[in-house]
Amino acid sequence: MNKYLLLVAILLPIFGSLLVIFNKNEHKVHYLSVAITIITSILVWYLIFNITDEKFELIKFSEKLSFVINFDGFGKFFAGIVSVLYPLTTLYAVEYMEDDKRPKSFFFFFLIAYGITLGVT
């Protein structure tokens, strides 16, 4: 079960970005972006404290080649840093993008970047 939460933590901001880009209300975009970022960060911290070094094989191309998510000590360290910095950056970005004409596209790519960064860690 916990190994599937690794995948959820990566995909949640990516699929959440779709909610942002297809949202009609410009003001809800800010709240939605903050909520998705905070929920993802809470999930990451849950995984940091409750999961041991675990590998999750997504795709096996051959006996020697496969795509694996490995959540080891360094991954936990960098995921912890990312999950603290992204919510703070989101709060700053909400204020910064207050008067911008296209906040949806900014937060769309911002949340995708969050998910990809977690995937790399």
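The values are calculated or read from the model by the stated rules, or taken from the named source; none is laboratory data. All of these numbers come straight from a predicted model, not from anything done at the bench. Reconstructed Cβ throughout: ideal geometry from the backbone, glycine too, with neighbour counts over all protein chains shown. Calculation scope for accessible area: heavy atoms of the full protein, side chains included, ligands and nucleic acids excluded. Shrake-Rupley method; radii C 1.70, N 1.55, O 1.52, S 1.80 Å.
Taking every residue in segment 96-121 that is more than 13 Å from I14 (Cβ to Cβ) and pairing it with any residue that is charged (D, E, K, R) and assigned to a helix (DSSP H, G or I), at least 6 positions away or on another chain, the pairs with Cβ-Cβ distances below 8 Å are P103/E26; K104/E26. Checked against (1) within 15 Å of I116 (Cβ to Cβ); (2) of a type outside the set (G, A, S); (3) open to solvent by less than 70 Å² (accessible area, probe 1.4 Å), K76 passes all but condition (1). Considered as a group, the residues in segment 8-29 that are within 20 Å of V44 (Cβ to Cβ) and either touching a strand residue (DSSP E or B) at 6+ places or on another chain (Cβ under 7 Å) or among the β-branched types (V, I, T) (or both) include one that is most open to solvent (accessible area, probe 1.4 Å), and that residue is V8. Out of curiosity, is E98 outside any helix (DSSP H, G or I), at pLDDT below 85 and within 23 Å of L6 (Cβ to Cβ)? No.
How many residues are over 18 Å from Y31 (Cβ atoms) and either of a type in the set (G, A, S) or more than 11 Å from the chain's Cα centre (by Cα) (or both) when one looks only at segment 79-108? Final tally of qualifying residues: 7.
Identify, from the list A35, A79, the residue that is in contact (Cβ under 8 Å) with a residue 12 or more places away in the chain and outside any strand (DSSP E or B). Working first, answer last.
On the way: A35 fails: in contact (Cβ under 8 Å) with a residue 12 or more places away in the chain.
It is A79.
When I14, I21 are checked against the criterion of being of a type in the set (A, V, I, L, M) and more than 19 Å from L118 (Cα to Cα), a single residue qualifies: I21. Tallying residues that are closer than 16 Å to I36 by Cβ and open to solvent by 30 Å² or more (accessible area, probe 1.4 Å) within segment 93-104 yields 1.
Flag: F71 does not match the condition of being touching a helix residue (DSSP H, G or I) at 6+ places or on another chain (Cβ under 6 Å), under 19 Å from E26 (Cα atoms) and either hydroxyl-bearing (S, T, Y) or open to solvent by less than 80 Å² (accessible area, probe 1.4 Å) (or both).
Does segment 46-66 contain at least one residue that is in a helix (DSSP H, G or I), without any contact (Cβ under 8 Å) to a residue 40 or more places away in the chain and within 20 Å of L11 (Cβ to Cβ)? Outline the logic, then answer.
Residues of segment 46-66 in a helix (DSSP H, G or I): 46-50.
Checking the rest, the ones that are also without any contact (Cβ under 8 Å) to a residue 40 or more places away in the chain come to 48-49.
Cutting the leftovers down to within 20 Å of L11 (Cβ to Cβ) gives us 48.
Yes, segment 46-66 contains at least one residue that is in a helix (DSSP H, G or I), without any contact (Cβ under 8 Å) to a residue 40 or more places away in the chain and within 20 Å of L11 (Cβ to Cβ).
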